[in-house]
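Peer 1: Here's a structure for you.
The values are calculated or read from the model by the stated rules, or taken from the named source; none is laboratory data. Source: prediction; values computed, not measured. Positions of Cβ are backbone-derived with ideal geometry, glycine not excepted, and every protein chain shown enters the neighbour counts.
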Amino acid sequence: MNHNQEGRIHTFFHAYEKAIQPDSGADLGEYYHQSFLFAGTEGAQPVKIDDFIRVVPKMSADAKARGVSSTTLESVEVSPLDGRYTLAKVTWDITFREEGEPDLHIDAKATYVLMTVEDGYRIVAQIDHQDLSQVS
């Protein structure tokens, strides 16, 4: 993988980082393929983008209710799979804030499979390596 492609993937995740902030109002559909695989600690399931977009507001509200105040990109490790797909191992710093308490920082790890498209990348698979609903 050349440095230019790796730089574009880092740029993709920095833009995604802004989009996933509480109250960002960003269209997360820009970052995902029309259908993608989501996997977590409870298993895996295919997701259609329209279904995903419908649940994003609830997911955001649930995260805010649990005290998530920000998500910051810490690192991205990139490995090409072939000419079209790239594996990205990402670490996020998720900050939980509760009034009167010190901030709680959790390193959350996720693995993404990105597909190269004409205007950049789309996530075709996302594997979250921990259940953040159990943290607060």
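Peer 1: Identify, please: which residue in the range 1-32 is polar (S, T, N, Q) and within 17 Å of Ala63 (Cβ to Cβ) and is, among those, surrounded by the fewest Cβ atoms within 10 Å (Cβ to Cβ)?
Peer 2: Filtering first and then ranking leaves Ser24.
Peer 1: Among the residues that make up the range 98-113, is at least one of them without any contact (Cβ under 8 Å) to a residue 40 or more places away in the chain, closer than 26 Å to Ala63 by Cα, aromatic (Phe, Trp, Tyr) and assigned to a strand (DSSP E or B)?
Peer 2: yes
Peer 1: Which residues, counting only those in the range 54-73, are surrounded by 14 or more Cβ atoms within 10 Å (Cβ to Cβ) and free of Cβ contacts under 8 Å to residues at least 40 places away in the same chain?
Peer 2: Val56, Ser60, listed by residue number.
Peer 1: OK, next. When the residues of the range 79-131 are filtered to those that are among the polar types (S, T, N, Q) and touching a Ser or Thr at 6+ places or on another chain (Cβ under 6 Å), which remaining residue is farthest from Ser35 (Cα to Cα)?
Peer 2: Per the stated criteria, the residue is Thr95.
Peer 1: Please go through the range 1-41 and pick out each residue that is modelled with pLDDT under 90, of a type in the set (Asp, Glu) and over 17 Å from Met115 (Cα atoms).
Peer 2: Asp23, Asp27
Peer 1: Still on this structure: Can you tell me which residue among Asp93, Asp23 is closer than 18 Å to His129 by Cα, free of Cβ contacts under 8 Å to residues at least 60 places away in the same chain, outside any helix (DSSP H, G or I) and of a type in the set (D, E, K, R)?
Peer 2: Within the list Asp93, Asp23, the selection yields Asp93.
Peer 1: Restrict the check to the range 77-88 and report whether at least one residue is surrounded by fewer than 14 Cβ atoms within 10 Å (Cβ to Cβ) and either under 15 Å from the mean Cα position of the chain (by Cα) or among the aliphatic types (A, V, I, L, M) (or both).
Peer 2: The answer is yes, given that some residue of the range 77-88 is surrounded by fewer than 14 Cβ atoms within 10 Å (Cβ to Cβ) and either under 15 Å from the mean Cα position of the chain (by Cα) or among the aliphatic types (A, V, I, L, M) (or both).
Peer 1: Could you tell me whether any residue of the range 46-58 is under 13 Å from Gln21 (Cα atoms), in a helix (DSSP H, G or I) and either modelled with pLDDT under 95 or touching a Pro at 6+ places or on another chain (Cβ under 9 Å) (or both)?
Peer 2: Among the residues of the range 46-58, at least one is under 13 Å from Gln21 (Cα atoms), in a helix (DSSP H, G or I) and either modelled with pLDDT under 95 or touching a Pro at 6+ places or on another chain (Cβ under 9 Å) (or both), which makes the answer yes.
Peer 1: In this structure, does Ser69 turn out to be at negative phi, modelled with pLDDT of 95 or more and polar (S, T, N, Q)?
Peer 2: In short, no.
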